[in-house]
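Data block below; observations after.
The values are calculated or read from the model by the stated rules, or taken from the named source; none is laboratory data. Values in this document were obtained by computation on a predicted structure and should not be read as measured data. Note that we place each Cβ from the backbone using ideal geometry, even for glycine, and neighbour counts take in every protein chain shown.
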Amino acid sequence: MLTPLKAIRKKCLECSNYQYKEVELCPIKDCPLYPYRLGKRPSTIKGNAKKHEIANDILIEGVKDD
Ligand code: SF4
């Protein structure tokens with residue numbers, strides 16, 4: 001049995017002719033599935049983006065100190 005997120009992911013792949021990149025680049029932002037099309041909760045994606053941002057800030061600060 002699929003989880004809801006996996007079912008959405010599968011539907012988006014079908015909608016995009018099974019092209020992963022097309023799902024990522026989907027231009028239909030008013031589609032109700034759009035926020036979930038990558039198979040992750042939007043809050044998880046934002047959280048990961050924030051973690052990367054913090055990691056980059058730390059790396060940049062490290063370079064400045066050298
Ligand atoms: S979000 Fe995009 S790829 Fe997914 S079902 Fe909607 S239109 Fe299709």
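Would you check if there is a residue in segment 14-23 being among the hydrophobic types (A, V, I, L, M, F, W, C) and either part of a loop (DSSP other than H, G, I, E, B) or modelled with pLDDT under 95 (or both)?
no
So that you can scan it fast, the table gives a plain yes or no per residue for (1) part of a helix (DSSP H, G or I); (2) aliphatic (A, V, I, L, M); (3) within 11 Å of the ligand (Cβ to nearest atom):
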| site | (1), (2), (3) |
| --- | --- |
| 2 | no, yes, no |
| 11 | yes, no, yes |
| 26 | no, no, yes |
| 29 | no, no, yes |
| 43 | yes, no, no |
| 46 | yes, no, no |
| 49 | yes, yes, no |
| 56 | yes, no, no |
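Restricting attention to segment 28-56, which residues are within 15 Å of residue 5 (Cβ to Cβ) and loosely packed, with under 10 Cβ neighbours inside 10 Å?
Of everything in segment 28-56, those that are within 15 Å of residue 5 (Cβ to Cβ) and loosely packed, with under 10 Cβ neighbours inside 10 Å turn out to be 32, 43.
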